[in-house]
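The values are calculated or read from the model by the stated rules, or taken from the named source; none is laboratory data. The structure presented is a predicted model; accordingly, all values stated were derived computationally and were not measured. A quick note on method: Cβ atoms are made from the backbone with ideal geometry, for glycine too, and the neighbour counts reach across all protein chains shown.
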Amino acid sequence: MASKMMETRYKIDKWTDIGNFVLWSRQIRDKLIAQGQARALLDKQPESMRKDEWVYLCGRICNEIRLHLSDEIQMQVLGLTTSQELWKYLQKCYLNTSTSSRMHTKHKLWSCVMKDREDLSVHVKKFTSLSCEIIALGNQPMNDEDKAFMLLRSLSNFLEHLVQTLMYEKDQLSFDDVYSTLLLEDSRKMVVKTKAPFSHN
């Protein structure tokens, strides 16, 4: 029963070479931590484990990570038999911390603008994902107020009233406040949209 609940809680999509590798790898690591098996990603065998236990754990976690890879990527890693080898390979291929990669991700964040008809929650989560990816690539965390301002600046013009309210009705601009307010606004709009068909009855 507990195992089934764990699988439901940590349902992770397969990595397909498209998307946010930082987020995917964080989900894998969180799942292993919850299972008490994150040590399988360490280079050094824990002193508390026997050699045979360590080899078994690393092989089992390698197989588990492999199940979260697309068929194409699984073909690339067929020869890797330990969790450490597999994890290092994936990071080397998909977590590029070079200067060009950091600059490219920064550019994506700075040019992140809400598209017409795009759901507010989708845009907010995309912005948040990019900001987390920048930190994972070795950049310093952004100033909280600057981050909040960038998110507001990226919103569509039809939300200008909300932007003005958040910017000028508070003494201090907080990203958490902006984030929660925007998601609340999106939920409110969804409720209004759901009730709309019944408003003519």
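For segment 67-76, which residues satisfy the criterion of being more than 23 Å from the chain's Cα centre (by Cα) and either part of a loop (DSSP other than H, G, I, E, B) or surrounded by 14 or more Cβ atoms within 10 Å (Cβ to Cβ) (or both)?
GLN76, the sole residue that qualifies.
Of everything in segment 77-94, what is buried (at least 16 other Cβ atoms within 10 Å of the Cβ) and hydrophobic (A, V, I, L, M, F, W, C)? Give them in sequence order.
VAL77, LEU80, LEU86, TRP87, LEU90
Can you pull out the residues in segment 1-33 that are in a helix (DSSP H, G or I) and modelled with pLDDT of 85 or more?
Within segment 1-33, TRP24, SER25, ARG26, GLN27, ILE28, ARG29, ASP30, LYS31, LEU32, ILE33 qualify.
Go through segment 139-174 and count every residue that is touching a residue at least 12 places away in the same chain (Cβ under 8 Å) and of a type outside the set (S, T, N, Q).
Count: 14.
Which residue, of VAL113, VAL122, is in a loop (DSSP other than H, G, I, E, B), among the β-branched types (Val, Ile, Thr) and either surrounded by fewer than 17 Cβ atoms within 10 Å (Cβ to Cβ) or touching a Gly at 6+ places or on another chain (Cβ under 7 Å) (or both)?
Checking each option against the conditions leaves just VAL113.
Kindly indicate whether SER174 is surrounded by fewer than 17 Cβ atoms within 10 Å (Cβ to Cβ) and closer than 21 Å to SER25 by Cα.
no
When segment 34-66 is examined, which residues are found to be over 30 Å from GLU133 (Cβ atoms) and outside any helix (DSSP H, G or I)?
The answer is GLN45, PRO46, GLU47, SER48, MET49, ARG50.
Just one of (1) of a type in the set (Phe, Trp, Tyr); (2) at pLDDT below 90; (3) within 28 Å of LEU95 (Cβ to Cβ) trips up TYR168, so point out which.
With respect to (1) of a type in the set (Phe, Trp, Tyr); (2) at pLDDT below 90; (3) within 28 Å of LEU95 (Cβ to Cβ), TYR168 is out only on (3).
Scanning for something without any contact (Cβ under 8 Å) to a residue 24 or more places away in the chain, of a type in the set (Asp, Glu) and out of contact with any His (no Cβ under 9 Å at 6 or more places or on another chain), does segment 116-138 turn up at least one residue?
Looking through segment 116-138, none of the residues is without any contact (Cβ under 8 Å) to a residue 24 or more places away in the chain, of a type in the set (Asp, Glu) and out of contact with any His (no Cβ under 9 Å at 6 or more places or on another chain).
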